[in-house]
Amino acid sequence: RIERKFGIFSKLDACSFVANVYDDGNLVSIVTDCSPHATHVAGIAAAFHPEEPVLNGVAPGAQLISCRIGDTRLGSMETGTGLVRALIAAVEHKCDLINMSYGEPALLPDYGRFIDIVNEVVDKHRIIFISSAGNNGPALNTVGAPGGTSSSIIGIGAYVSPAMAAGAHCVVQPPSEGMEYTWSSRGPTADGDLGVSISAPGGAVAPVPTWTLQSRMLMNGTSMSSPSACGGVALLVSAMKAEGIPVSPYTVRKAIENTASSISDAPEEKLTTGHGLLQVDRAYEYARQAKKLPLVSYRISISQVGKSIPKLRGIYLRGSNSCQQTSEWTVQLNPKFHDDASNLEQLVPFEECLQLHSTDSSVINIPEYILLTNNGRSFNIVVNPVNISSGLHYYEVYGMDCRAPWRGPIFRVPITIIKPIALSGEPPVLSLSKLYFKS
């Protein structure tokens, strides 16, 4: 940590280690990796080979802090203690970004003590948090935690180009166009959120530890797309700092989501790809143009009119009963400033006139305008799925700044409808009678 040195146990094992000293020398912690995973991830983000630049990572000038969260006793699975210690280290060292290529399913989305601390890291300390969306696709509702289920974290899906399919994966007949990997997890979350923010290349030949007895290897997964995106965002943050543009997780997220390149024209593909493929150059131009805008995020909380249900982050209709009638929903929209924002200089003057749009007015009915101030504003959405065809449908309600439409959508309400196929006639019945069993 202080001298930035590492050692190797022996030439036989070729295993590198670092040593940390605590409690005035009374405690020595010897740290090794528990798999090649982290080295590969770090190499994608920031490998630096000045003698052979083709081997560089996305942001070869970046400085890295490696925080081990995996426990060898648990098969390298992360622990709550390890996660919290890593967040503390990121805050203490004033990191600009966090990449977390870890995750698994969770019972409740966007909930728990770790999520509370993540919110503090993002909202108070202004650290941009990027994480893998999960590798459990192509089924719906497969995004993992925390990357695909947490509002403060930018969840990354995995994209594969024709060149990657041919060159890295040795596919005999690569796809003619880029696409999401079939195993990349898909939204929505259980509470209706989109799940995937953007996508990035999800495979790479990158460095691995010396104990593997090879220098590089191919790995794929959203664990690889996350550091690819993180490296791209590191370049964006570096440029913003050089230009004197205020860096905030809120504005950076808006820049990369609103400038991402769409991978598919089908609306429902947003559940797979998010807002599209990361475009660093476009995001940089967006950030330059947004230099003087308030550093604010827009939080939505949704409830169904006439029903007592937990607050949601999107509208998710699934099943025949919910698709046979019109439903009305109340959206509470609140601007969220950083914790150190000035009451008189930032909160009080904040006011935005927003024009509301829906991607399909025949299904989604909304008011036309709202005036948003610091204390928030609510509006209602009427969803009528009665006449739509069976299958998966995805819609959005989004708000545009009337004074600055170039900003693109400044908030989005995701609406997912899965309408089942209606059975004709009586349902099939299987009758079993006069059955005898012998022991």
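The values are calculated or read from the model by the stated rules, or taken from the named source; none is laboratory data. As the structure is a prediction and not an experimental result, all values here were calculated from the model. Glycine also receives a Cβ, built like all others from the backbone with ideal geometry; neighbour counts cover every protein chain displayed.
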Meets criteria (closer than 30 Å to PRO249 by Cα, in the same structural domain as SER390 (by TED's automatic domain parsing) and not in a strand (DSSP E or B)) for PRO335: no
Selection from the stretch 1-56 of residues that are touching a residue at least 60 places away in the same chain (Cβ under 8 Å) and either on the phi > 0 side of the Ramachandran plot or part of a loop (DSSP other than H, G, I, E, B) (or both): ASP13, ALA14, CYS15, ASP33, PRO36, ALA47
Residues satisfying the stated conditions in the stretch 1-19, i.e. surrounded by fewer than 10 Cβ atoms within 10 Å (Cβ to Cβ) and either acidic (Asp, Glu) or touching a strand residue (DSSP E or B) at 6+ places or on another chain (Cβ under 6 Å) (or both): GLU3
Residue in the stretch 109-116 that is crowded, with 17+ Cβ neighbours inside 10 Å, on the phi > 0 side of the Ramachandran plot and touching a residue at least 40 places away in the same chain (Cβ under 8 Å) present: yes
Residue list for the stretch 217-231, restricted to those being in contact (Cβ under 8 Å) with a residue 60 or more places away in the chain and either among the aliphatic types (A, V, I, L, M) or surrounded by fewer than 24 Cβ atoms within 10 Å (Cβ to Cβ) (or both): MET217, MET219, ASN220, GLY221, MET224, ALA229
Those residues of the stretch 340-366 which are part of a loop (DSSP other than H, G, I, E, B) and surrounded by fewer than 11 Cβ atoms within 10 Å (Cβ to Cβ), in sequence order: ASP340, SER342, SER361, SER362
Evaluation of SER308 against (1) assigned to a helix (DSSP H, G or I); (2) surrounded by fewer than 21 Cβ atoms within 10 Å (Cβ to Cβ); (3) among the small types (Gly, Ala, Ser) (one fails), failing number: (1)
Subset of the stretch 267-289 that is buried (at least 17 other Cβ atoms within 10 Å of the Cβ) and out of contact with any Gly (no Cβ under 9 Å at 6 or more places or on another chain) - its residue that is farthest from GLU257 (Cα to Cα): GLU269
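I'd like to verify a number: residues in the stretch 84-104 that are part of a loop (DSSP other than H, G, I, E, B) and within 22 Å of the chain's Cα centre (by Cα), how many? Steps first, please.
Quick first cut of the stretch 84-104, residues part of a loop (DSSP other than H, G, I, E, B) only: 93-96, 101-103.
Next, only the ones that are within 22 Å of the chain's Cα centre (by Cα) stay: 94-96, 101-103.
Qualifying residue count for the region: 6.
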Residues that are under 27 Å from the mean Cα position of the chain (by Cα) and among the hydroxyl-bearing types (Ser, Thr, Tyr), drawn from the stretch 403-432: THR416
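Only one residue in SER301, SER261, SER297 is free of Cβ contacts under 8 Å to residues at least 24 places away in the same chain and surrounded by 14 or more Cβ atoms within 10 Å (Cβ to Cβ). Which one?
On the way: SER301 fails: free of Cβ contacts under 8 Å to residues at least 24 places away in the same chain; SER297 fails: free of Cβ contacts under 8 Å to residues at least 24 places away in the same chain.
Residue meeting the stated conditions: SER261.
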GLU180 being touching a residue at least 24 places away in the same chain (Cβ under 8 Å) and touching a helix residue (DSSP H, G or I) at 6+ places or on another chain (Cβ under 6 Å): yes
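State whether one or more residues within the stretch 224-245 are in a helix (DSSP H, G or I) and within 16 Å of PRO409 (Cα to Cα). Before the answer, list the steps.
First, the residues of the stretch 224-245 that are in a helix (DSSP H, G or I): 224-243.
Okay, now just the ones that are also within 16 Å of PRO409 (Cα to Cα), so none.
So far as the stretch 224-245 goes, no, none of its residues is in a helix (DSSP H, G or I) and within 16 Å of PRO409 (Cα to Cα).
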Those strands (runs of 3 or more DSSP E) lying entirely in the stretch 150-219 with at least 2 residues closer than 30 Å to TRP329 by Cβ and hydrophobic (A, V, I, L, M, F, W, C): 154-160
Number of the exception - THR81 against (1) assigned to a loop (DSSP other than H, G, I, E, B); (2) without any contact (Cβ under 8 Å) to a residue 12 or more places away in the chain; (3) of a type outside the set (Phe, Trp, Tyr): (1)
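Residues to consider are VAL160, VAL196; find the one that is of a type in the set (Val, Ile, Thr), more than 30 Å from ILE302 (Cβ to Cβ), touching a residue at least 12 places away in the same chain (Cβ under 8 Å) and crowded, with 24+ Cβ neighbours inside 10 Å.
Selected residue: VAL160, the only one of VAL160, VAL196 that is of a type in the set (Val, Ile, Thr), more than 30 Å from ILE302 (Cβ to Cβ), touching a residue at least 12 places away in the same chain (Cβ under 8 Å) and crowded, with 24+ Cβ neighbours inside 10 Å.
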